[in-house]
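Visitor: Please see the structure below; I have some questions.
The values are calculated or read from the model by the stated rules, or taken from the named source; none is laboratory data. Here the structure is a predicted model, which means the values were calculated and not measured. Neighbour counts run over all protein chains shown; Cβ positions are idealised from the backbone, glycine included. Ligands, DNA and RNA are excluded from the accessible area calculation, which covers all protein heavy atoms including side chains. Shrake-Rupley method; radii C 1.70, N 1.55, O 1.52, S 1.80 Å.
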Amino acid sequence: MNGITIFGICIALIGTGTIFWGTTLYPINLLDSEFMSLFVGGLVLISIGVALMSGVSPILKISIIWVTAILTLVYIYGFEMDLIVKLISFVPIIGLVIWLTTKFLK
């Protein structure tokens, strides 16, 4: 186990703590921006941590990244913005996820 893997585990644990903390502060509601800000932030930290860990299968890394992206899209959809602004916000997230998927599949 190298230093980057230990760092990834620490980041993933911080993300898990953030999610648990968010569930204690706010009721679980996927369209509530207060809850989802902590939930999505925790998922992003977990995704980064798992991506840094060596020995984790690429399929698991890709799965976690896609779950994070889908819930981020739900989070953005919950904002009160025009539909076109929401769709424009979806483009970089989907592009990043597709790029990371191709990187982890190689």
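Visitor: Specify which of the listed residues (Gly55, Gly15) is at pLDDT 95 or above and out of contact with any Phe, Trp or Tyr (no Cβ under 8 Å at 6 or more places or on another chain).
Guide: Gly15
Visitor: I need the full set of residues from region 51-104 which are closer than 24 Å to Asp32 by Cα, touching a Lys or Arg at 6+ places or on another chain (Cβ under 8 Å) and open to solvent by 40 Å² or more (accessible area, probe 1.4 Å), in order please.
Guide: Hits for region 51-104 are Tyr77, Phe79.
Visitor: Return the residues of region 9-60 that are in contact (Cβ under 8 Å) with a residue 40 or more places away in the chain and either within 18 Å of Lys103 (Cα to Cα) or of a type in the set (S, T, N, Q) (or both); say none if nothing qualifies.
Guide: Matches in region 9-60: Ser33, Ile48, Gly49, Val50, Ala51, Leu52, Met53, Ser54, Gly55, Pro58.
Visitor: May I pose another question? Quick one: Leu30 ticks every box in (1) at pLDDT 95 or above; (2) open to solvent by 60 Å² or more (accessible area, probe 1.4 Å); (3) within 16 Å of the chain's Cα centre (by Cα); (4) not small (Gly, Ala, Ser) except a single one, so which number is it?
Guide: (1)
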